[in-house]
Amino acid sequence: MSKKMIVLKSSDGESFVVEEAVARQSTIISFLVEEFPNQELPFTNMTSDILGKVLEYCKKHVVEDDGGGGASSSSDDLKKWDEKFVVEIDQPTLMDLLMAANYLHIQSLFDVTCKKVADMIAACNDEKEIRATFNIENDFTEEEVEAIRRENQYPN
């Protein structure tokens, strides 16, 4: 029995042919498959690099119908794989992947990428280091910063 295949097209024109079970890990793709059966699904807001990473994640997390009804990988193995998956990604790609997971409604990928970002923030010592890590420009004046600090003081 052959598996149904779905074609997804990135913003830079690359097409990805994946099994329907892989693609359906996304709530949005599941909806689109129902609404537009047997059509190529374009994603004009995702490059081939990001769509490829999303699909790599989805392929690893797909539940196979192997007769036993079990997952393709154990929960511990997937957690280890997830940790390695996000560790090996550079920061700009991580942010694009987080946005793609949010857009496509792939909750487990969104959770993994958010955890990595939270870990990166937690590793910073102060707001200046956070700003440097994430290339966030400080557009507040000194007076505005002081007002915010007064409003949000920790009780002693």
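The values are calculated or read from the model by the stated rules, or taken from the named source; none is laboratory data. Because the structure is predicted, anything quoted here is derived from the model rather than measured. Every residue, glycine among them, receives a Cβ derived from its backbone with ideal geometry; neighbour counts consider all protein chains shown. Each accessible area value is taken on the protein alone, full model and side chains, heavy atoms only, with ligands, DNA and RNA left out. Shrake-Rupley method; radii C 1.70, N 1.55, O 1.52, S 1.80 Å.
Miscellaneous remarks
- Nearest 10 degrees, 0 to 90: helix 142-151 Cα axis against the chain principal axis: 80
- Its Cα gyration tensor gives region 74-156 an equivalent ellipsoid; the semi-axes, largest first and in whole Å, are 32, 15, 13.
- Estimated FRET transfer efficiency when R0 is 41 angstrom, pair E14-E142 (beta carbons, to 0.05): 0.30
- Distance between the 7 Å Cα→Cβ label points at I28 and K3: 2.3 nm.
- Surrounding net charge for D76, when Lys and Arg each add one and Asp and Glu each subtract one, Cβ distance under 14 Å: +1
- Per residue, the chain exposes 67 Å² of solvent-accessible protein surface, assessed with a 1.4 angstrom probe and all protein chains in place.
- Positive dipole terminus of the chain, leading residue within L94, A122, F110 (C-beta point charges): F110
- Heavy-atom accessible surface of the chain: percent carbon and sulfur, 1.4 Å: 51
- Distance from the alpha carbon centroid of region 92-156 to that of region 5-22 works out to 32 angstrom.
- MRE, 222 nm, helices only [DSSP H, n ≥ 4, -39500 (n - 2.57), over the chain, to nearest 500]: -17000 deg cm²/dmol
- Vicinal HN-Hα couplings computed from phi for region 24-34 (Karplus, 6.51 cos²θ - 1.76 cosθ + 1.60; Hz; Gly/Pro x): 6, 5, 8, 4, 5, 5, 4, 4, 5, 5, 5
- Over 27 Å between alpha carbons, listed pairs K9/K60; K59/K116; K4/K53; K53/K115; K60/K116; K4/K115: K4/K115
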